[in-house]
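What follows is a short report on a single structure.
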Amino acid sequence: MRCAIFGHNATKFISVLPNAGLPQNVGGHAHYNLQPEELAEYHKRFVKEYGVNIVGGCCGTGPAHIKKVVEAVSGLTPLPREGKPIGAAGSAYTSVPLELDGQPVVVAEEMNTTTQKKEFRELVQGGRYDDILAMAKKLVAEGSHMLDLCCAIVGEDEIGYMTSVLEKIATRVPAPILVDSTEAPVIEER
């Protein structure tokens with residue numbers, strides 16, 4: 001469970017504000033099935049077992065949900081956490097420590113338009129994002145812990161290229177992506 005890993009390693013307050021379950025299409029409208037009592041029980045666990053400090057609700061939660069959450073967590077003390085800052089890179093799916101028990105961290109460099117190899121540059125210039133995604137997945141499957149991504153091509157739209165590539169791969173590849181650029185606006189864009 002991600003909350004356990006995150007909770008035990010966090011050095012700052014943690015908030016959890018979930019939906020009332022996954023939305024279901026009922027008659028053309030979003031319907032959320034998680035009942036107030038169920039949401040309250042989850043929040044109680046988050047506070048007691050993972051040290052969550054702030055709880056609430058998002059889509060599909062209403063006054064009855066929040067009332068039950070307040071009743072369930074009032075008077076609870078969040079589990080104390082002894083998280084220590086660690087150097088790590090993160091993605092939507094995972095965190096990779098910058099030190100892996102003395103082993104090297106493998107950063108794939110094949111997704112770089114400035115190298116002698118033309119393959120990635122041609123994929124970027126051609127807007128072949130499915131092929132770029134396939135390349136990223138292959139690099140991770142082959143053991144890369146992180147992906148270095150550089151979309152700089154002299155005289156071309158680096159921000160546009162970087163944005164387009166990240167939109168295609170950031171939520172579809174588990175490995176952290178290192179945005180590689182000498183231009184601050186490119187790095188700040190995402």
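The values are calculated or read from the model by the stated rules, or taken from the named source; none is laboratory data. Nothing here was measured: the structure is a model prediction, and the numbers come from that model. Virtual Cβ from ideal backbone geometry, glycine too; neighbours counted across all protein chains shown. Each accessible area value is taken on the protein alone, full model and side chains, heavy atoms only, with ligands, DNA and RNA left out. Shrake-Rupley method; radii C 1.70, N 1.55, O 1.52, S 1.80 Å.
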Test Ala40 against the criterion of being modelled with pLDDT of 95 or more and of a type in the set (A, V, I, L, M, F, W, C), and give yes or no. yes
Please enumerate the residues belonging to segment 107-130 that are open to solvent by 70 Å² or more (accessible area, probe 1.4 Å) and more than 13 Å from His145 (Cβ to Cβ). Glu110, Thr114, Gln116, Lys117, Lys118, Glu119, Glu122, Gln125, Arg128, Asp130
Kindly indicate whether Pro104 is without any contact (Cβ under 8 Å) to a residue 24 or more places away in the chain, open to solvent by 60 Å² or more (accessible area, probe 1.4 Å) and closer than 16 Å to Asp148 by Cα. yes
For Ala92, all conditions in the list (1) aliphatic (A, V, I, L, M); (2) part of a loop (DSSP other than H, G, I, E, B); (3) modelled with pLDDT of 95 or more hold save one; what is the number of the exception? (3)
Selection count, segment 69-96, where residues are of a type in the set (D, E, K, R) and open to solvent by less than 70 Å² (accessible area, probe 1.4 Å): 1
For segment 139-154, check the following and say yes or no: at least one residue is open to solvent by less than 60 Å² (accessible area, probe 1.4 Å) and of a type in the set (Asp, Glu). yes
Given the residues Ala20, Ala40, which is the only one that is assigned to a loop (DSSP other than H, G, I, E, B), more than 24 Å from Pro97 (Cβ to Cβ) and in contact with an Asp or Glu (Cβ under 9 Å, 6 or more places away or on another chain)? Ala20
Could you count how many residues in segment 177-190 are modelled with pLDDT of 95 or more and open to solvent by less than 20 Å² (accessible area, probe 1.4 Å)? 0
Picked from segment 20-54 (must be aliphatic (A, V, I, L, M) and buried (at least 16 other Cβ atoms within 10 Å of the Cβ)), the residue farthest from Ala64 (Cα to Cα) is Val52
